[in-house]
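These notes are about the structure you will find just below.
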């Protein structure tokens, strides 16, 4: 009986691994496929008949680093994305705290207004934003990209953080207040550590949106000075060389790597319930 | 150490009343318990003392100094919350140390003070743990240590034991009272548990619907209730309250007939008698009814008798046993009979 139960548990474990493995393969397949295209000679990619054992080539790898300033694009991407997330957090955390905890006239309207900035098509503000940055002399700079990404993501970063703040027991703040803490102290020492998973979640989503942003980046970055990975990708689709599939695939893979590394590094925070044990459990 | 005076305190949110009119003078070093059902305004009153709520009307003074409008962080109070409210990201050590850091206590003293407070609540072995790794009772003690660490002028405790099981609650009750006596700090304690109130308090404040019903020592509250609310709230099981007719010192209700009451008044009254002031059996004619229920608990037997339509609860001898429906008589201790106005519920003397 006991061994039977043990057996069936082993089987269910096996089944679980099989399902998870299949799902992992399904998710990773495009990435691996991209990588395999990127590491093949160009001629092999455009042959119509299937190739089961591709040959390995670093042509594309050398090309993207030597013929294009890919390192600079990557730097631009990383700087613009991390900069925008920092701007978002600096603005969104106090805004979310105010929306979550204070009562004042028009609070809900302000909250809705913040969200509503996300509701229009980005193209509507493309031209005004172009002129705005031209007038302040920020066109074709990473700073402009930072600001634009931050502006695009600010609304939902605020809302995600706000919803996490609403879940924090009010008692925790009351306790800190009677212990002698002021508003900023409470925010810094109590609230932010307690909603860290929310902050991280919002940051990761903001990063993903930012790295995929194309329209505004193309508009603002008119020379390689401010090109990011997403715009650089577009460079491989035209010109006298035609479509350079293996370079596109490799750049796309490279664009995926920074966010992937960030997510791997902080994934344990993504789901960890840090408020556990705060109140009765 | 502080004396707390509440004068004409009211609290309302729009049309909703939290506290209607509270006047009380809490002496230095006194242990005062606010007791009442949920929604009676006891927690709101405490939050106003803490500075977490502002009163709509009235004055709060500590040692004569007006506290209205002064923020919680600037009042020298410490509060223990029902849900413990430990900071989840900090270790127990850091939790206890937090008020010291916030109040600018000299850093050199922190360690000594934290360890002394932890010692006092017997939590020294758990200082490096996070709150999530502690049991309910340990969390409660950690919250207590955080409150006592900097020796505030006033302790405020908002139902601190209500999340603990009965056994632990009893142990913590003793500990809280012991620590309060040791530190001699004015303490305001909110609870809906009458046992906690009776065992802990120097004085009990009984509240209902935002109003104080009675203030008194546990003995006064028990022996001399001001109205039917207080009478029915204190005691376990609570006092029996029977509506009946009083004519020339003789009270009658279905199944009940008591003569010799010395109240110069005729008409409808409510008679109150505690289950422990009754004697079962004998030749009494004061109460005649049928046995409705018998509940032996080991040290005592609860007997319920149906007199007319009314169920009367009586504490009988531990060996008392009976069958349902059997006729039974009960005698009342005449000195322990209370009479109340049936309309207002106020005590008649």
Inset, instruction - Give me a count of the residues in the range B:61-92 that are closer than 20 Å to residue B:187 by Cβ, part of a strand (DSSP E or B) and over 22 Å from the mean Cα position of the chain (by Cα). - result: 3
Inset, instruction - Would you check if there is a residue in the range B:42-52 being under 19 Å from the mean Cα position of the chain (by Cα), in a helix (DSSP H, G or I), in contact (Cβ under 8 Å) with a residue 40 or more places away in the chain and more than 14 Å from chain A (Cβ to nearest Cβ)? - result: yes
Legend entry - Odd one out for residue A:168 among (1) surrounded by fewer than 23 Cβ atoms within 10 Å (Cβ to Cβ); (2) within 14 Å of chain B (Cβ to nearest Cβ); (3) assigned to a helix (DSSP H, G or I): (3)
Inset, instruction - Go through the range A:216-229 and count every residue that is at pLDDT 85 or above, under 16 Å from residue A:84 (Cα atoms) and assigned to a helix (DSSP H, G or I). - result: 3
Inset, instruction - Please work out if residue A:179 is farther than 24 Å from residue A:92 by Cα, in the same structural domain as residue A:89 (by TED's automatic domain parsing) and at pLDDT 85 or above. - result: yes
Inset, instruction - Being within 11 Å of chain A (Cβ to nearest Cβ) and surrounded by fewer than 20 Cβ atoms within 10 Å (Cβ to Cβ) is the filter; apply it to the range B:139-171 and report the residue that is farthest from residue B:73 (Cα to Cα). - result: B:164
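Just to be sure, is residue A:119 part of a loop (DSSP other than H, G, I, E, B) and either at pLDDT 90 or above or under 25 Å from the mean Cα position of the chain (by Cα) (or both)?
Details: part of a loop (DSSP other than H, G, I, E, B): yes; either at pLDDT 90 or above or under 25 Å from the mean Cα position of the chain (by Cα) (or both): yes.
Yes; evaluated as a whole, the condition is true for this residue.
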Inset, instruction - Evaluate the range A:110-120: report whether one residue or more is buried (at least 19 other Cβ atoms within 10 Å of the Cβ) and assigned by TED's automatic domain parsing to the domain that holds residue A:253. - result: yes
Inset, instruction - Report, by residue number, each residue of the range B:137-178 that is in contact with a helix residue (DSSP H, G or I) (Cβ under 7 Å, 6 or more places away or on another chain) and modelled with pLDDT under 85. - result: B:163, B:164, B:168
Inset, instruction - Among the strands (runs of 3 or more DSSP E) lying completely within the range B:168-279, list those that include at least 3 residues that are within 25 Å of residue B:344 (Cα to Cα) and in the same structural domain as residue B:79 (by TED's automatic domain parsing). - result: B:203-208, B:211-216
Legend entry - Residue within the range B:321-329 that is closer than 29 Å to residue B:34 by Cβ and in a strand (DSSP E or B) present: no
Inset, instruction - Those residues that are more than 8 Å from chain A (Cβ to nearest Cβ) and within 15 Å of residue A:172 (Cα to Cα), I need them from the range B:76-85; list them, please. - result: B:80
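Being closer than 25 Å to residue B:184 by Cβ and either within 8 Å of another protein chain (Cβ to nearest Cβ) or out of contact with any helix residue (DSSP H, G or I) (no Cβ under 7 Å at 6 or more places or on another chain) (or both) is the filter here, so list the residues in the range B:86-100 that pass it.
Looking only at the range B:86-100, we keep the residues that are closer than 25 Å to residue B:184 by Cβ, and these are B:95-100.
Listed by number, the residues that qualify are B:98, B:99.
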Legend entry - Every pair of residues 6+ apart whose Cβ atoms lie under 9 Å, when the first sits in the range A:180-207 and is within 12 Å of chain B (Cβ to nearest Cβ) and at negative phi while the second is modelled with pLDDT under 85 and assigned to a helix (DSSP H, G or I): A:196/A:269; A:197/A:269; A:197/A:270; A:197/A:271
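The values are calculated or read from the model by the stated rules, or taken from the named source; none is laboratory data. These figures come from a predicted structure and were not determined experimentally. Methodologically, a virtual Cβ is constructed for each residue, glycine included, from the backbone with ideal geometry; neighbour enumeration extends over all protein chains shown.
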